[in-house]
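S.K.: First the structure, then my questions, so here it is.
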Amino acid sequence: MRGAVFHAPGDVRLEERPAPAVVDPGDAVLRTVATCVCGSDLWYYRGITPFPESTPIGHEYVGVVEEVGGEVTTIKPGQFVIGSFFASDNICPNCRAGYQSSCLHRELMLGCQAELVRVPLADGTLVATPGEPAAELVPSLLALSDVMGTGWYAAAAAEVKPGATVVVVGDGAVGLCGVLAAAQLGAERVIAMSRHETRQRLASAFGATDLVTERGDEGVARVKDMTDGVGADSVLECVGTHESMLQALLSTRPGGNVGFVGVPHGADLPVEELFYSQVGLRGGPAPVRRFLPDMIERAWDGRIDPGKVFDLTLPLEQVADAYRAMDERRAIKVLLRP
């Protein structure tokens, strides 16, 4: 089969790889219907985060079950399924508490930018859709496997409630999905921090009521001005840098909450500032599996359409072009068709 392989920063290639097979009795093998490039993949592509050379890459996927192991009971061949970037058993204490991304038996999914994918712990990881989805629904279902689930977790971690004022720091695919999640959870005011016109338009379509173009101290001052000097009830931090984390913390009212899902890069928490601010802080790798059933239902009946974050679709053989397009910010997120 064909799959994307990371060789070095700036060098991702489509190559022939061994087709995956059932190894353990809890495995499933999927034929990928759609996959994509994630913003977090760019940390490797740009050489900011080390990544092993000659390693299959990609962790977002939807597909049709081709084969299951002897112990798999909840899914069957022929079903269209969605998983997460962490495989989880969904029964350990951490999973039962809703933190499947910290499953005691978790396995990081890699090599999903490919025609076939092996999914361990299939019963706990995969969720089947109500039926075979229409082609136009596939992008939204793919978004659920990571960016929509991560945006939703940011909103949940920030304790977004009906009537709340919410700020979203970051206008990538996760931040835009965070805007959508906050609106779905009943926020009265959603302030998207973005200075890119195309992303501003999508944020507004997803439910943003206000746009702030300033960053850093100026961005904080603008939020405070918009909230009568108080700050937001909930802030979603969807970038992962030191500057974005400070911007999130300082934009939050005392007693408010920050949900942070941006993979940290050089972000040092100002503990003393955090202590006196009385701001709550929770985040980390999103437990996407917790939210999948609800998100699938919302996407299936048309209440959410997170697939709009894909503004470029390419065949899998053009995976190198997909990485370049996102690296050069010519695309928010690229969908790949095997």
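S.K.: Let me check against my output: what whole-number percent is the relative contact order of the chain, with C-alpha pairs under 8 Å and at least 6 apart?
M.R.: 19 percent
S.K.: Find which of Ile296, Ala286, Pro338 sits farthest along the positive direction of the dipole of region 283-338, computed with +1 on the beta-carbon of Lys and Arg, -1 on that of Asp and Glu, about the Cα centre.
M.R.: Farthest towards the positive end: Ala286.
S.K.: Only residues of region 229-247 count here: report those whose backbone N is under 19 Å from the spot 7 Å along Cα→Cβ of Phe275, or say none.
M.R.: 246
S.K.: Let me have the relative contact order for region 239-311, percent, based on Cα pairs under 8 Å that are six or more residues apart.
M.R.: Once divided by the residue count of region 239-311, the mean separation gives 30 percent.
S.K.: Would you mind working out the accessible area per residue for region 36-125, using a 1.4 Å probe, and quoting it in Å²?
M.R.: 41 Å²
S.K.: Can you pull the percent of the chain's accessible area that's carbon plus sulfur, 1.4 Å probe, other chains left in place?
M.R.: 50 percent
S.K.: Of the labelled options [x] 62, 55, 42; [y] 107, 57, 35; [z] 59, 39, 37, which one gives Cα extents along the principal axes in Å as computed for this structure?
M.R.: Given [x] 62, 55, 42; [y] 107, 57, 35; [z] 59, 39, 37, the calculated one carries the label [z].
S.K.: Something else: Provide the per residue accessible area, probe 1.4 Å, for region 153-264, rounded to a whole number of square angstrom.
M.R.: Result: 37 Å² of accessible area for each residue.
S.K.: Percent relative contact order of region 17-162, based on C-alpha pairs within less than 8 angstrom and at least six residues apart?
M.R.: Details: 281 pairs, mean separation 42.6, N = 146.
Relative contact order of region 17-162: 29 percent.
S.K.: Distance in nm between label sites at Asp301 and Glu15, each 7 Å beyond Cα in the beta-carbon direction?
M.R.: 4.7 nm
S.K.: Starting from the Cα of Lys161, draw a straight line to each of the lysines and keep only those under 27 Å, dropping any in the same chain fewer than 8 residues away.
M.R.: Lys224, Lys308
S.K.: Let a ≥ b ≥ c be the square roots of the eigenvalues of the Cα gyration tensor of region 1-113; is it rounded (a/c under 1.5), or, if not, prolate (a/b larger than b/c) or oblate?
M.R.: Oblate is the answer for region 1-113, as a/c is 1.5 or above yet b/c matches or exceeds a/b.
S.K.: Next up: Looking only at Leu314, Leu142, Leu236, which one moves most when the chain is put into a Gaussian network model with springs between Cα atoms under 10 Å?
M.R.: Leu314
S.K.: Here's a follow-up. Which shape class applies to region 187-249: rounded if a/c is under 1.5, otherwise prolate when a/b exceeds b/c and oblate if not, where a ≥ b ≥ c are the square roots of the Cα gyration tensor eigenvalues? Walk me through the numbers on the way to the answer.
M.R.: Details: a/c = 1.57, a/b = 1.18, b/c = 1.33.
In terms of gyration-tensor shape, oblate.
S.K.: Rounded, prolate or oblate, given the Cα gyration tensor of region 233-338, with a/c below 1.5 counting as rounded?
M.R.: oblate
The values are calculated or read from the model by the stated rules, or taken from the named source; none is laboratory data. Every value quoted in this text rests on a predicted model; they were computed, and no experiment measured them. For neighbour counting, all protein chains shown are included, and Cβ atoms are generated from backbone atoms with ideal geometry for every residue, glycine included. Areas reflect the complete protein model, heavy atoms only, side chains present, ligands, DNA and RNA absent. Shrake-Rupley method; radii C 1.70, N 1.55, O 1.52, S 1.80 Å.
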